[in-house]
Structure formats: structure tokens, C-alpha cells
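The values are calculated or read from the model by the stated rules, or taken from the named source; none is laboratory data. From a predicted model like this one, the values you see are computed outputs, not experimental measurements. Please note: Cβ atoms are built from the backbone with ideal geometry, for glycine as well, and neighbour counts cover all protein chains shown. Just so you know, the surface numbers come from the protein's heavy atoms only, side chains and all, with ligands and any DNA or RNA stripped out. Shrake-Rupley method; radii C 1.70, N 1.55, O 1.52, S 1.80 Å.
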Amino acid sequence: MKIGLDFDGVVSNLGKLKAFVLKKVYGVSVPHTKADAFYIIENKILSRDGYIAFKKLIYEDIDAHLFMEPVRGAVTNIKKLQADGHEVKIVTARTGVALDVANKWLKKHHLHLPIEGIGFENTKHDAVKGFDIYVDDLLIQLSQMMDVVPHRYLFSWGYNEKDDEMGIAHRVKSWHKLYDEIWNLEHARKKRKQKHALHT
């Protein structure tokens, strides 16, 4: 199967890095599970323009990849998916220097994955055509690809726990669970093919 992954929030965990920079640069303590745009702007920690500047600092610092941690289980399970024969690709909002940072991070963690950047204000709709599965931590992105990706998964974090994913995506709370979901999908698909072959 062709599997698409968002980078930030699915493969890499920016929460701890954001919380660290907020504390170091702005003197503000924020739980790493809440260090997203909605929480930071809604709680007036930074203005919308201030958050854009903060995000640029985080995403475009070429050394930032040294401090980004993988989402727990991501590296191991991505390699397992590849070993199972799946085609895995990252489709991210990152472009330019921010995309270079992501590429450096992938190499650091010995992940050999194609990565496509589409821009922070753009939909991923066209970039994920032909994918069987896509995983994101933003429900808005998943809602925009309902007509092109049959199996959509929302990777669960504190900042999206109140999002109603019903009808848009299945929520998964860990990479272990995500791997099991994909394995079950592939197993069911193989059984359907075998059944079809028996009747033709």
C-alpha cells in the first residue's frame, strides 16, 4: 500500500522543542502536549504574528533537527512498514530551509523516505492523490483529502483531543496502534484478493 505521513506531529515531535524555545526565548512555560498554534494564540502567549515569527524560528533553524525527538515508536514502525513492502512517503507543509531541516533529521535517524513540501498555507489534497493511507495530526488536512485517500488517520495529541474526527478519520493514539491498523487493512485486502481469485 502507499502510505503518506505528515512530518511534524506524526514522525517528529516538535512539542518539546517548542516548549523549550518558549521558555528560553519568551520566558513562558507551556506543557509540551499543548505547544501548538491554537493553544499559544488562544491563551495570548503570543499574537498570531508573534506565533508566525516563533514558528519560523523553530522550523528554519538548521540546528533544530538536533533537538527534535521522534514521536515514540515512529522510527521503528516506519522501518517495519517499509520491510513489509509498503511505499511510505512524507508529505509536509515544510518548504525551503524548513524542509532541509526535516531531511537532515530523517538522515540522522536513518530513515530513507521521500519527502514532499507543499507550503504552510496549502492543502495536501493534490499531493496525496493515489495514496491508500494518510496520517496527520491536523483534522483540517484530513478533511480536505476525503475524496482521494480512502483510509485517513488522526494521530492523537492533547491539542487535537477535542476534535470530532467522526466521518473524517480514525483516531490513533500510538505508532503501535497505527501499525496494527495498517497491518489489519493489508491483511483484509489480501484476503479479498484471494477470495476474488478463487471465484474467477
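Enter the accessible area per residue of region 77-178 (Å², integer; probe 1.4 Å; all protein chains in place). Intermediate values should be presented prior to the final figure.
Working: 4990 Å² over 102 residues.
I get 49 Å² per residue for this part.
Name the shape class, rounded, prolate or oblate, that the alpha-carbon gyration tensor gives for region 1-73, where a ≥ b ≥ c are the square roots of its eigenvalues, rounded holds for a/c under 1.5, and otherwise prolate holds if a/b is larger than b/c and oblate otherwise. Walk me through the intermediate numbers first.
Working: a/c = 1.86, a/b = 1.64, b/c = 1.14.
Since a/c reaches 1.5 and a/b is larger than b/c, the shape of region 1-73 is classed as prolate.
How much accessible surface does residue 125 have with a 1.4 Å probe, in Å² rounded to 10?
Accessible area of residue 125: about 40 Å².
Going through region 21-98, which trypsin sites (Lys or Arg not before Pro) have at most 12 other Cβ atoms within 10 Å and a DSSP loop state?
Working: sites: 23, 24, 34, 44, 48, 55, 56, 72, 79, 80, 89, 94; in loops: 44, 72, 94.
Within region 21-98, the qualifying trypsin sites (Lys or Arg not before Pro) (loop, at most 12 other Cβ atoms within 10 Å) are 44, 72.
Would you mind checking 79/108; 80/107; 104/129; 23/44 for any pair whose Cα atoms are more than 19 angstrom apart? It would help to have the intermediate numbers written out before the result.
Values: 79/108 14 Å; 80/107 17 Å; 104/129 26 Å; 23/44 15 Å.
The pairs that break the limit, which is 19 Å between Cα atoms, are 104/129.
Report the local net charge at residue 55: Lys and Arg +1, Asp and Glu -1, summed over other residues whose C-beta lies under 14 Å from its C-beta. Mind showing how you got there, number by number?
Numbers: positive: 18, 48, 56, 94; negative: 8, 36, 49, 60, 61, 121.
Net charge around residue 55: -2.
Subtract the Cα-Cα distance of residue 41 and residue 2 from 0.36 nm times their separation in residues, and report this length gain in nm to one decimal.
Stretched fully, the residue 41-residue 2 segment lengthens by 10.5 nm.
Pop a pseudo-label 7 angstrom from the Cα along the beta-carbon direction at both residue 82 and residue 48 and give the gap in nm to one decimal.
Inter-label distance under the simple model: 4.0 nm.
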